[in-house]
Amino acid sequence: MARLTNEEDDDMMKAVFNLCHMKHVLVDSTKDIQILEDTNRKCLSQISTKDKRKTLLIKEQGDECIVNVAQGLHRNQRLQQDPKRKALQVTGQEAIYAGQGLTNSNVCQGLFYGNYAPPNLPPVPRLRQFIEICSQPFEKQLTFSDVKDDQSRLAMSKEDVQKRLMPLLNENEDLRRGIQVTTYDLDGKEYPMVFKIWVEKIHVLTEGWKAFCHDHKLVEKQDFVTVWMFRNAATGSLCFVIDLRRLPVLETIKRRRTRRN
């Protein structure tokens, strides 16, 4: 491969960073797709034709990237037509923050315990491509009834459910009948559960919750769960992700509201 001048090297690096960024963005115009295609060709033009395997590999990755962005454009346009979901759209930059364990400083957080602030999207890399719209996370300190075998449910506060989860529901999804959902831990393990409401006031995740408790050896008061709910872009079904952290506490503590400036 011929040695590049400093100016050519700078152009090449900009093109690479542009390509990497565009791969994770839901673009909103065909112009952005054209920019991505031009960037792809520019990157490929700098690769030696002698190294055919590398050229073929990058070409395949570039083609896949273009297809993904085109699909993202179609999905983004569909979401923009629904005002109810417009505020909940997932941006590519937030997905990058979640994958790196970082958070977006411009997003207002909900209720959490102490100074804890989870990412806006669940940090499970293999799920990132399936997240179409996602709720803001919230946290709960587990109670005795949450981990009791004969209860087998995670109870969630009415405030958290109404503010964070209800906006994602479709008109045909009825909590009184129960909604079949897939719940994931941070390792990506699946637990089939049912999201429903009991006696018109208690919102719960039930059925597979007992297996989740046993697998993670959950303890009342000491264990705190962070909950996200998202809609699967491929199937349209609802999914939950639950993260865990254990604190050295022996009594119920209060949550405090934290906001990011």
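The values are calculated or read from the model by the stated rules, or taken from the named source; none is laboratory data. These numbers were taken from a predicted model, which means no experiment stands behind them. Don't worry about glycine lacking a Cβ; one is built from the backbone with ideal geometry, like all the others, and counts go over all protein chains shown. With ligands, DNA and RNA removed, areas are computed over all heavy atoms of the protein, side chains included. Shrake-Rupley method; radii C 1.70, N 1.55, O 1.52, S 1.80 Å.
For the condition farther than 20 Å from residue 127 by Cα, more than 16 Å from the chain's Cα centre (by Cα) and assigned to a strand (DSSP E or B), what is the one hit in 155, 211?
On the way: 211 fails: assigned to a strand (DSSP E or B).
Exactly one residue qualifies, and that residue is 155.
Restricted to region 186-208, and to residues there that are open to solvent by 10 Å² or more (accessible area, probe 1.4 Å) and not in a strand (DSSP E or B), the residue that is modelled with the lowest pLDDT is 200. Looking at 171, 207, 251, just one residue is among the acidic types (Asp, Glu) and without any contact (Cβ under 8 Å) to a residue 24 or more places away in the chain, and that residue is 171. Annotation: of all residues in region 221-246 being farther than 16 Å from residue 157 by Cα and in contact with a Ser or Thr (Cβ under 6 Å, 6 or more places away or on another chain), the one that is most open to solvent (accessible area, probe 1.4 Å) is 243. For region 214-256, the set of residues classified as among the acidic types (Asp, Glu) and assigned to a loop (DSSP other than H, G, I, E, B) consists of 220, 251, listed by residue number. Filtered by the rule that a residue be part of a strand (DSSP E or B) and open to solvent by 20 Å² or more (accessible area, probe 1.4 Å), region 163-183 gives 180, 182. Could you list, in sequence order, all residues of region 111-132 that are in contact (Cβ under 8 Å) with a residue 60 or more places away in the chain, surrounded by 21 or more Cβ atoms within 10 Å (Cβ to Cβ) and assigned to a loop (DSSP other than H, G, I, E, B)? Selection gives 118, 121, 122.
For every residue, the table says whether it meets (1) touching a strand residue (DSSP E or B) at 6+ places or on another chain (Cβ under 8 Å); (2) acidic (Asp, Glu).
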position: 170; (1), (2): no, no
position: 181; (1), (2): yes, no
position: 194; (1), (2): yes, no
position: 207; (1), (2): yes, yes
position: 210; (1), (2): no, no
position: 227; (1), (2): yes, no
position: 235; (1), (2): no, no
position: 245; (1), (2): yes, no
position: 253; (1), (2): yes, no
